[in-house]
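Only one structure is covered here, and it is reproduced in the block below.
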Protein chains: 2
Amino acid sequence: MVKYAASLDTTFGALADPTRRAILATLMQGQASITELARPHRMSLPAVMKHLRVLQQAGLVSQKKTGRTRHCRLQHAQPLKEAEEWLSHYRVFWERQFDALERFLQEEETKEKTKWQHRNRNPKPHCN
Amino acid sequence: MVKYAASLDTTFGALADPTRRAILATLMQGQASITELARPHRMSLPAVMKHLRVLQQAGLVSQKKTGRTRHCRLQHAQPLKEAEEWLSHYRVFWERQFDALERFLQEEETKEKTKWQHRNRNPKPHCN
């Protein structure tokens, strides 16, 4: 049995790999065997099992043996929830940044409009 | 200049360390010098600078030299926003899990109540 030591370190560490994120996405649809999980990644079974161990250590995935097949499924929701909560504290930062960008774009638009109106009020004299 | 290659891999990788998360938390309050960032961690400056490089590579932090002091500040919001968005897809998973827990607790409560009512309606005869 793989020990489950949930912490933001292990959760973020587990998520820092595209194969492991893809495994989680597959398991969101329901349980799957290790062979099914390995198929889309063109990886050896031992390589997939290594990724699964990292996900198990983070408490995200569990395995159960049924006959000769090992089935995996999403296990604990808490680590993902905690990671999302941690990130949500920074929402104020990205909202501030996107607000600043929006303000900048609005100011640019106003400047362009003013220029255009000024040009229309004071057209260049025709030279013919 | 440290190259900024934002991806979920680099973002989650950067967040998988308590010192780096603490640096981000400090920089949420405003910019800080490297010495100020190192102080609470009892770390050497090179060790802190190593962490800062990881945060810079993830596009989360930028440095600016003013005189002899290097100031750091939060840089791009986009990587954190993308990481939060990725995690939010799993909200349905943890909400389902917490709903199941709530249902279980309610069922247990109902069972306890039924037992209690049954006992009150059929009290044991006194033996005195």
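The values are calculated or read from the model by the stated rules, or taken from the named source; none is laboratory data. The model shown is predicted, which means the values in this text are computed figures rather than measured ones. Cβ placement follows ideal geometry from the backbone for every residue including glycine, while neighbour counts extend to all protein chains displayed. In case anyone asks, the SASA skips ligands and DNA or RNA and just uses the protein heavy atoms, side chains included. Shrake-Rupley method; radii C 1.70, N 1.55, O 1.52, S 1.80 Å.
When you check B:S33 against the structure, is it among the small types (G, A, S), more than 9 Å from chain A (Cβ to nearest Cβ) and in contact with a Lys or Arg (Cβ under 7 Å, 6 or more places away or on another chain), yes or no? Walk me through it before giving the result.
Values: among the small types (G, A, S): yes; more than 9 Å from chain A (Cβ to nearest Cβ): yes; in contact with a Lys or Arg (Cβ under 7 Å, 6 or more places away or on another chain): yes.
The answer is yes for B:S33.
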**OP:** For residues that are more than 9 Å from chain B (Cβ to nearest Cβ) and either in contact with a Pro (Cβ under 9 Å, 6 or more places away or on another chain) or among the aliphatic types (A, V, I, L, M) (or both), tally how many sit in the range A:66-96.
**Re:** 0
Original post:
If you check every pair at least six apart or on different chains, which have Cβ atoms under 6 Å apart with a residue in the range A:31-42 that is in contact (Cβ under 8 Å) with a residue 40 or more places away in the chain first and a residue that is of a type outside the set (S, T, Y) and open to solvent by 10 Å² or more (accessible area, probe 1.4 Å) second?
Top reply: A:Q31/A:H71; A:Q31/A:R73
Original post:
Does B:R20 satisfy being within 11 Å of chain A (Cβ to nearest Cβ) and buried (at least 17 other Cβ atoms within 10 Å of the Cβ)?
Top reply: yes
**OP:** Could you grab me the full set of residues in the range B:80-109 that are open to solvent by less than 90 Å² (accessible area, probe 1.4 Å) and of a type in the set (D, E, K, R)?
**Re:** B:K81, B:E82, B:E84, B:E85, B:R91, B:D99, B:E108
Original post:
Only one of (1) surrounded by 17 or more Cβ atoms within 10 Å (Cβ to Cβ); (2) in contact with a strand residue (DSSP E or B) (Cβ under 8 Å, 6 or more places away or on another chain) fails for B:A77. Which number is that?
Top reply: (2)
**OP:** Sort out which residues of the range A:23-34 are open to solvent by 50 Å² or more (accessible area, probe 1.4 Å) and in contact with a strand residue (DSSP E or B) (Cβ under 8 Å, 6 or more places away or on another chain), and write them in order of number.
**Re:** A:T26, A:Q31
**OP:** For the range B:46-63, enumerate the residues that are open to solvent by 80 Å² or more (accessible area, probe 1.4 Å) and touching a residue at least 24 places away in the same chain (Cβ under 8 Å).
**Re:** B:R53, B:Q57
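In the range B:46-85, how many are small (G, A, S) and over 21 Å from the mean Cα position of the chain (by Cα)?
3
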Original post:
Out of (1) open to solvent by less than 60 Å² (accessible area, probe 1.4 Å); (2) more than 16 Å from the chain's Cα centre (by Cα); (3) of a type outside the set (K, R); (4) more than 10 Å from chain B (Cβ to nearest Cβ), the odd one out for A:M43 is which?
Top reply: (1)
